[in-house]
Amino acid sequence: MKRLITFFLFILIFQGIHAQVNIYENDVFLIEAGTLKEAFDYINDGSVTGAIKLEIIDNCNEIASCVLNASGSAGGACNYTSVLIYPGITGKTVSGTLASPLIDLNGADNVTINGSMNASGSSPDLTLKNNSSVSTAGTSTIRFRNDATNNVVQYCNIRGSSADAAGGVLFFSTTNQSTGNDGNAINYNTLSNSSDASRPVNIIYSEGTVAKENSGNTVNNNKFYDFLNRSVSSNGINLGANSTAWTITGNNFYETSSFVPASGGSYNIININNTAGTGFIITGNSIGGSAEMCGGTAWTKTNAFNNPFNAIYINAGTGVASSLQNNTIRNISWANSGAAAWSAIFINSGAVNIGTSTGNTIGDETTTGSLTITGGANNTNVYGINITGSGTINCQNNIIGSFTASNSVSTAATNLYAVYKEAVAGTLNLNNNFIGSSSVSNSLNITSTSSSNSQNLYGIYNAGTGNTTISGNRITSLRNGTTSSSGTSA
């Protein structure tokens with residue numbers, strides 16, 4: 001085999017192909033490859049085995065997908081215990097313009113892509129970028145499929161502009177194997193578009209296989225920015241059918257400049273949309289602003305179109321409860337041309353614990369105008385926590401305040417509900433939430449005069465028909481600017 005590898009290296013040099021990837025087998029240098037795809041090909045055909053390291057030493061321009069197959073494939077010739085990919089020189093890029101995945105983990109397990117220098121730091125020194133903006137199925141920067149398990153992608157700059165509504169920049173796909181794409185981790189990356197003019201539909205998308213769900217995956221401490229598509233409905237994280245028990249924690253979602261849509265699409269930052277999925281954990285995420293931790297100027301959306309918005313949307317199952325803890329949603333200014341609804345947390349279905357261990361913060365308790373929502377037609381509805389499902393909801397210890405709601409039409413009403421429960425069955429335990437502010441006036445403030453229409457402002461609105469416990473909540477500093485005699489505050 002070593003003689004064969006030496007022959008490959010001779011051909012590589014003879015053809016004048018500049019080496020871009022150093023390949024190590026069990027910490028021993030073996031061969032150089034011209035691209036990441038060529039390095040994967042050496043692994044797939046068994047030329048390199050065992051514990052493999054791929055050191056990126058120059059930019060890789062890929063003209064076809066870099067496919068890494070499962071160990072044991074190709075009749076057993078493909079045989080590795082682990083694969084580590086990392087940059088040996090700072091600022092390197094693996095890129096292509098492909099109507100397919102740039103990196104395709106086809107049943108591959110125990111692969112780590114560590115974008116820090118020599119896989120030993122905490123700064124992203126490697127960029128993975130698919131420049132394609134087509135809607136062709138599978139177009140992505142990294143795809144996980146056919147039981148790709150226990151892989152890690154960390155400290156990378158990941159860029160993509162896939163227009164595939166059933167795909168994403170990171171795409172957790174289906175399987176023809178036995179369990180699904182499970183136990184993968186996406187950690188400490190920056191995730192954004194490859195071209196601001198062509199933003200993706202989803203940054204992370206998962207849709208697995210019946211009875212072989214994509215489960216147990218973790219999205220941890222990443223920075224998502226400038227990712228919403230201006231022309232169609234889009235999402236930051238979109239977990240669809242056959243996806244369950246994901247953990248989404250410590251991530252930052254923000255927009256670095258004013259967001260001007262080109263159509264009336266809807267926007268979800270974290271979208272859990274599988275009524276058979278349970279046990280989702282969403283903790284410690286920050287949504288809003290122009291920098292991480294909801295910092296900088298407000299995430300501003302102009303009123304050019306009518307765009308529904310949900311910071312966190314849950315449409316899940318009623319088995320193991322999903323958990324929303326310690327998330328922060330603030331520093332957002334959102335304007336619509338019509339009456340599209342705006343929700344910080346929207347529970348459409350499922351059993352969910354909201355703030356039961358550590359409360360979520362929606363807005364702020366010590367300032368005003370942290371969340372400024374402007375409608376453009378009558379009966380615009382703005383929600384802090386919007387519950388329309390019939391599952392068991394435990395909602396405790398949350399802070400909801402610093403809302404300014406308005407309407408660009410002086411006669412029209414904008415209704416503001418800090419907590420809203422629709423007229424459906426289910427169990428609601430609503431305890432010890434802090435709504436409004438004890439230190440500033442007009443924390444929950446509707447400035448619209450709504451001169452011709454009734455306008456509602458509620459700290460808690462409960463029309464639920466099931467078992468309900470409401471206790472220990474504090475509601476203060478509400479103001480309704482309506483001049484209509486039928487306006488309501490509660």
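The values are calculated or read from the model by the stated rules, or taken from the named source; none is laboratory data. Because the structure is a prediction, the values reported are computed rather than measured. Please note: Cβ atoms are built from the backbone with ideal geometry, for glycine as well, and neighbour counts cover all protein chains shown. When the accessible area is computed, the model is the full protein with side chains, heavy atoms only, and any ligands, DNA or RNA have been set aside. Shrake-Rupley method; radii C 1.70, N 1.55, O 1.52, S 1.80 Å.
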Of 464, 436, which residue is open to solvent by less than 30 Å² (accessible area, probe 1.4 Å), farther than 23 Å from residue 364 by Cβ and in contact with a strand residue (DSSP E or B) (Cβ under 6 Å, 6 or more places away or on another chain)?
-> 464
Taking the stretch 333-361 and keeping only residues that are in contact (Cβ under 8 Å) with a residue 40 or more places away in the chain, β-branched (Val, Ile, Thr) and either within 25 Å of residue 296 (Cα to Cα) or open to solvent by 10 Å² or more (accessible area, probe 1.4 Å) (or both), one is left with 345, 356, 358
Using the structure shown, decide if residue 226 is of a type in the set (D, E, K, R), open to solvent by less than 40 Å² (accessible area, probe 1.4 Å) and either under 11 Å from the mean Cα position of the chain (by Cα) or within 24 Å of residue 337 (Cβ to Cβ) (or both).
-> yes
Specify which of the listed residues (162, 173, 122, 132) is touching a residue at least 12 places away in the same chain (Cβ under 8 Å) and either open to solvent by 20 Å² or more (accessible area, probe 1.4 Å) or among the acidic types (Asp, Glu) (or both).
-> 122
Which listed residue, of 13, 52, 23, 43, is of a type outside the set (Asp, Glu), part of a helix (DSSP H, G or I) and modelled with pLDDT of 95 or more | 43
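Give the stretch 421-433 a look and list any residue that's closer than 19 Å to residue 342 by Cβ and either open to solvent by 40 Å² or more (accessible area, probe 1.4 Å) or modelled with pLDDT under 95 (or both), or say none.
Restricting attention to the stretch 421-433, the residues satisfying the condition of being closer than 19 Å to residue 342 by Cβ are 421-422.
Once the filter is applied, which keeps residues that are closer than 19 Å to residue 342 by Cβ and either open to solvent by 40 Å² or more (accessible area, probe 1.4 Å) or modelled with pLDDT under 95 (or both), the stretch 421-433 yields only 422.
State whether the residues of the stretch 258-280 include one that is under 20 Å from residue 367 (Cβ atoms) and in a strand (DSSP E or B).
From the stretch 258-280, those under 20 Å from residue 367 (Cβ atoms) are none; that's our starting set.
No, the conditions are met nowhere in the stretch 258-280.
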Across the stretch 427-444, what is the total count of residues that are within 28 Å of the chain's Cα centre (by Cα) and not in a strand (DSSP E or B)?
-> 1
Subset of the stretch 325-343 [of a type in the set (Ser, Thr, Tyr) and in a strand (DSSP E or B)] = 328, 333, 343
Qualifying positions in the stretch 305-329 - closer than 28 Å to residue 411 by Cα and open to solvent by 10 Å² or more (accessible area, probe 1.4 Å) | 305, 306, 308, 310
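So how many residues does the stretch 392-420 have that are in a loop (DSSP other than H, G, I, E, B) and open to solvent by less than 10 Å² (accessible area, probe 1.4 Å)?
Applying the first criterion (in a loop (DSSP other than H, G, I, E, B)) to the stretch 392-420 yields 397-398, 402, 408-413.
Remaining after also requiring open to solvent by less than 10 Å² (accessible area, probe 1.4 Å): 398, 402, 412-413.
The total comes to 4.
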Odd one out for residue 97, checked against (1) buried (at least 17 other Cβ atoms within 10 Å of the Cβ); (2) within 24 Å of the chain's Cα centre (by Cα) | (1)
For residues that are in a loop (DSSP other than H, G, I, E, B), within 21 Å of residue 276 (Cα to Cα), aliphatic (A, V, I, L, M) and under 20 Å from the mean Cα position of the chain (by Cα), tally how many sit in the stretch 286-320.
-> 1
Cβ pairs under 6 Å, 6+ apart or interchain, first in the stretch 426-445 and free of Cβ contacts under 8 Å to residues at least 24 places away in the same chain, second open to solvent by less than 40 Å² (accessible area, probe 1.4 Å) and of a type outside the set (Phe, Trp, Tyr), ordered by first then second residue, are none
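If I filter the stretch 180-204 down to residues being of a type outside the set (S, T, N, Q) and under 15 Å from residue 234 (Cβ atoms), which single residue comes out as most open to solvent (accessible area, probe 1.4 Å)? Break it down into steps so the answer makes sense when it comes.
In the first step, residues of the stretch 180-204 are kept if they are of a type outside the set (S, T, N, Q); the result is 180, 182-183, 185-186, 188, 191, 196-197, 199-201, 203-204.
Among the residues that remain, those that are also under 15 Å from residue 234 (Cβ atoms) are: 191, 196-197, 199-201, 203-204.
Details: 191: 1, 196: 70, 197: 95, 199: 9, 200: 0, 201: 10, 203: 0, 204: 0 Å².
The selected residue is 197.
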